[in-house]
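Colleague: I am attaching a structure below and will ask some questions about it afterwards.
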Amino acid sequence: MNLFSRILNAFTEALFPTRCLICKRFYSINHEHQQISKVIEHLNLSEPLTMMYRKQLFQDLMRPFLCETCLSDETPFRFDRFDQHEKEYNRFLSSVKALVRFDGTIRKLIHCLKYNRKIQIAKPLGLWLFFLWIEQLREERPSDLIIPVPLHRKRMRQRGFNQSYLLIRHWEKYKTQLPQEYSNWHVRKDILERTKYTLQQVGLLKKERMENVKNAFKVTKPEAVYGKSVLLIDDVFTTGATSMACAQALLLSGAICVDVMVLARI
């Protein structure tokens, strides 16, 4: 960074100090860390997504939004079960993968995105999740289609955005940085529709959640999913009720398997 840029950044910081989205404290930021676009340019496909690497990526991507105290929260990273193949989910889901536990800073960030409309954090969080997708690309069975869990149109009007889609909105652009063998997939938000307006899942018991989303989803383009493997994207995995309802609709339309990937799970 040249001298002029340093002076300009210092002047900007003085006039418009950075405020942490979580604790609301003002903090100084090293503007060199704000170039999150460079993270995708330096993808290391051989780097395993260890816990230490997940945390490092999170801190690099979220530093323009969070102070060092909130960034250093260890709580979400104390989680040793990310790839789930439980019998309960195996009926519809091939796997459930999460970056971290839904706790601490991550919980507050996701609430900022969904309920406080801080949609500016969707891009860095989505890029963070993209690294988990790269992990799956190295496996034997990558997905053909990436589909966000949809909102009902009424809920969409109320909220103004679908956070699940915002997480993967830029993935098609990111894949141009990948080798050709890792690029045979597509993001599609026009295939799965939520046709039933349901209660918010928050606060419902597991059985109530299952009943709440029963027959709530419809595949609008069965020909697009027939014979394809699908990756569902959501922000949080709780009981699996929503994901399983989505997967059931996709499998009935001819999808060969459905995996789930989320930022965090409870």
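Colleague: Quick one: how many residues across segment 226-256 are of a type in the set (A, V, I, L, M, F, W, C), over 29 Å from PRO76 (Cα atoms) and touching a strand residue (DSSP E or B) at 6+ places or on another chain (Cβ under 6 Å)? Before the answer, list the steps.
Modeller: Going through segment 226-256, the residues of a type in the set (A, V, I, L, M, F, W, C) turn out to be 230-233, 236-237, 241, 244-247, 249-252, 255-256.
If we keep only those that are over 29 Å from PRO76 (Cα atoms) as well, we get 249-252, 255-256.
Cutting the leftovers down to touching a strand residue (DSSP E or B) at 6+ places or on another chain (Cβ under 6 Å) gives us 249-250, 255-256.
Total meeting the criteria: 4.
Colleague: For the subset of segment 115-148 comprising residues that are surrounded by fewer than 16 Cβ atoms within 10 Å (Cβ to Cβ), assigned to a helix (DSSP H, G or I) and not aliphatic (A, V, I, L, M), which member is farthest from the chain's Cα centre (by Cα)? Give the steps one after another, and end with the answer.
Modeller: Just the residues of segment 115-148 that are surrounded by fewer than 16 Cβ atoms within 10 Å (Cβ to Cβ), to begin with: 115-120, 138-141.
Restricting the remaining residues to those that are assigned to a helix (DSSP H, G or I) gives 115, 119-120.
Pick out the ones that are also not aliphatic (A, V, I, L, M) and you get 115, 120.
Numbers: TYR115: 16, GLN120: 13 Å.
So the residue we want is TYR115.
Colleague: What are the residues in segment 166-186 that are free of Cβ contacts under 8 Å to residues at least 60 places away in the same chain, crowded, with 18+ Cβ neighbours inside 10 Å and not charged (D, E, K, R), if any? Before you say what the answer is, go through the steps one by one.
Modeller: Applying the first criterion (free of Cβ contacts under 8 Å to residues at least 60 places away in the same chain) to segment 166-186 yields 166, 169-173, 175-176, 180-181, 183-186.
Remaining after also requiring crowded, with 18+ Cβ neighbours inside 10 Å: 166, 171, 175, 185.
Of everything in segment 166-186, those that are free of Cβ contacts under 8 Å to residues at least 60 places away in the same chain, crowded, with 18+ Cβ neighbours inside 10 Å and not charged (D, E, K, R) turn out to be LEU166, TRP171, TRP185.
Colleague: I would also like to ask the following. Identify the single condition in (1) small (Gly, Ala, Ser); (2) farther than 16 Å from LYS123 by Cβ; (3) buried (at least 16 other Cβ atoms within 10 Å of the Cβ) that GLY160 does not satisfy, given that it satisfies every other one.
Modeller: Just one mismatch for GLY160, condition (3).
Colleague: Could you grab me the full set of residues in segment 178-207 that are in a helix (DSSP H, G or I) and either under 20 Å from the mean Cα position of the chain (by Cα) or under 18 Å from VAL262 (Cβ atoms) (or both)? Walk me through it before giving the result.
Modeller: If we filter segment 178-207 for residues that are in a helix (DSSP H, G or I), which is where we start, we get 180-182, 206-207.
Answer for segment 178-207, where residues must be in a helix (DSSP H, G or I) and either under 20 Å from the mean Cα position of the chain (by Cα) or under 18 Å from VAL262 (Cβ atoms) (or both): TYR182, LYS206.
Colleague: Return a yes/no flag: does segment 208-230 have any residue that is among the polar types (S, T, N, Q), assigned to a helix (DSSP H, G or I), surrounded by fewer than 17 Cβ atoms within 10 Å (Cβ to Cβ) and at pLDDT below 95.
Modeller: Applying the first criterion (among the polar types (S, T, N, Q)) to segment 208-230 yields 212, 215, 220, 229.
Checking which are assigned to a helix (DSSP H, G or I) leaves us with 212.
After this cut, where a residue has to be surrounded by fewer than 17 Cβ atoms within 10 Å (Cβ to Cβ) as well, the list is none.
Checked segment 208-230: no residue is among the polar types (S, T, N, Q), assigned to a helix (DSSP H, G or I), surrounded by fewer than 17 Cβ atoms within 10 Å (Cβ to Cβ) and at pLDDT below 95.
Okay, residues lined up against (1) more than 29 Å from LEU137 (Cα to Cα); (2) at pLDDT 65 or above:
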{"residue": "LEU3", "(1), (2)": "yes, no"}
{"residue": "ILE7", "(1), (2)": "yes, no"}
{"residue": "GLU68", "(1), (2)": "yes, yes"}
{"residue": "LEU71", "(1), (2)": "no, yes"}
{"residue": "ARG81", "(1), (2)": "no, no"}
{"residue": "GLU86", "(1), (2)": "no, no"}
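Colleague: Taking into account only those residues within segment 256-266 that are touching a residue at least 60 places away in the same chain (Cβ under 8 Å) and in contact with a Lys or Arg (Cβ under 9 Å, 6 or more places away or on another chain), which is farthest from LEU129 (Cα to Cα)?
Modeller: The extreme case among them is CYS257.
Colleague: To continue, here is another question. Please enumerate the residues belonging to segment 175-223 that are basic (Lys, Arg) and closer than 23 Å to ARG107 by Cβ. Spell out the reasoning first.
Modeller: Step one: list which residues in segment 175-223 are basic (Lys, Arg), which gives 175, 188-189, 194, 196, 206-207, 209, 214, 218, 221.
Answer for segment 175-223, where residues must be basic (Lys, Arg) and closer than 23 Å to ARG107 by Cβ: LYS206, ARG209.
Colleague: Let me ask another. Take the residues of segment 231-248 that are in a strand (DSSP E or B) and not aromatic (Phe, Trp, Tyr): which is nearest to GLU135 (Cα to Cα)? Show your work before the answer.
Modeller: So in segment 231-248, the residues in a strand (DSSP E or B) come out as 231-237.
Subset that is not aromatic (Phe, Trp, Tyr): 231-236.
Details: LEU231: 13, LEU232: 15, ILE233: 15, ASP234: 17, ASP235: 18, VAL236: 19 Å.
Taking the candidates together, the pick is LEU231.
The values are calculated or read from the model by the stated rules, or taken from the named source; none is laboratory data. Being a predicted model, the structure only gives us computed values, none of them experimental. For neighbour counting, all protein chains shown are included, and Cβ atoms are generated from backbone atoms with ideal geometry for every residue, glycine included.
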